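Just below is one structure, and these are the notes that go with it.
The numbers here are math on the coordinates, done by the rules we state, and not lab data. No experiment lies behind these values; they were computed from the predicted model shown. Note that we place each Cβ from the backbone using ideal geometry, even for glycine, and neighbour counts take in every protein chain shown.
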Amino acid sequence: ADMPNVTLIEQCSVQGFIQRQGRVVGVDTKQGEQLAEQLVVCGGAWAAQLLEGLNVRLPVRPVKGQMIAYQAPPGLVQRVVLKDGRYVIPRSDGLLLVGSTLEEAGFDKATDEEALASLKRSAENIIPALADCPVAHHWAGLRPGSPEGIPFIVALPDFPNVFVNAGHYRNGLVLAPASTHLLADQLLGRKPLMDPTPYQPTAARLA
């Protein structure tokens, strides 16, 4: 959709926050300063690292997940299949995605043969015909893990114009519409879509 009031700056890493008179007024990037009245930190597994620059401790950590994709005959799987914590997802390009591992490995995104073998066993247990299909891709990503998998959607107490929307763990796509709605309500001072209390950084969640 055409959004004339939106400027998207890609491949531009944030190096830190800009503070003036105790208030955050923007971010310092490799393309220079970007100033704003309100800021949203939605850096996924890297959100906590970004907030360290404000001396804010957010318990969001990277959790590695390895996945594989099979090149399978068209129509072999026509819907998402879940079993024993693993899943098979058909894609429109004919690939079948199989995932995923859960690994506390920091920011390491390397793949390994042990995970590959485990994923193949799960895939062939769910869909036996996959034993005859080649694995086309094997990769790893980082999820933003958080206490009990509940995200943080809140303005920072010491920096009320800085908002956080992070820590969705394995449910980022599923929770995105409601999370964005709740965040927008807070940004615009509207009545929230739902009670925001569970998504705040309470003492219990920070323990």
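Rounded to the nearest 5, the antiparallel percentage of DSSP beta bridges internal to the chain is 95%.
Note that segment 82-93 has calculated 3J(HN,Hα) couplings of 10, 6, 6, x, 10, 9, 10, 10, x, 10, 5, 8 Hz, one per residue in order, obtained from phi through the Karplus relation 6.51 cos²θ - 1.76 cosθ + 1.60 (θ = phi - 60°); glycine and proline are x. Averaging 1/r over each pair of different alpha-carbon atoms in segment 57-136 and inverting the result gives 13.4 Å, the Kirkwood hydrodynamic radius. When only alpha carbons are used to place a centre, segment 33-58 and segment 78-125 end up 31 Å from one another.
Evaluating 6.51 cos²θ - 1.76 cosθ + 1.60 at θ = phi - 60° for every residue in segment 72-80, the Karplus couplings come out as 10, x, x, x, 4, 10, 10, 8, 5 Hz, glycine and proline recorded as x. Once Rg and the Kirkwood radius are both taken over the C-alpha atoms of the chain, their ratio Rg/Rh works out to 1.04. Distance between the C-alpha centres of segment 149-181 and segment 1-32: 19 Å, rounded to the whole angstrom.
Full extension of the segment from residue 102 to residue 121, taken as 0.36 nm per residue of separation minus the current Cα-Cα distance, would add 5.3 nm. Extending 7 Å from the Cα toward the beta-carbon at both residue 83 and residue 112 defines two label points whose distance is 2.6 nm. Legend: ranking of residues 3, 67 from fewest to most surrounding C-beta atoms inside 10 Å; resulting order 3, 67. The simple Förster model, with R0 at 22 Å and r as the Cβ-Cβ distance, assigns residue 132 and residue 95 a FRET efficiency of 0.90. Compute a Gaussian network model of the chain, connecting alpha carbons closer than 10 Å, and tell me which residue from 160, 144, 73 fluctuates the most. Highest fluctuation among the options: 73. Counting only alpha carbon atoms, the long axis of helix 113-126 and the longest principal axis of the chain meet at about 70°. Extension gain, residue 170-residue 23: 0.36 nm per intervening residue step, less the Cα-Cα distance, totals 49.6 nm. Calculated mean residue ellipticity at 222 nm for the chain: -5500 deg cm²/dmol, from DSSP H runs with n ≥ 4 weighted as -39500 (n - 2.57), summed, divided by the residue count and rounded to 500. Between the helical axis of 172-188 and the longest alpha-carbon principal axis of the chain there is an angle of about 10 degrees.
For segment 49-57, the Karplus equation 6.51 cos²θ - 1.76 cosθ + 1.60, evaluated at θ = phi - 60°, returns couplings of 4, 4, 6, 4, x, 9, 6, 9, 9 Hz by residue, with Gly and Pro reported as x. Considering the zone a paramagnetic label at residue 187 would reach in this model (a point 7 Å from Cα along the Cα-to-Cβ line), which residues of segment 1-18 have amide N under 12 Å from it? Residues passing the 12 Å test: 6-7.
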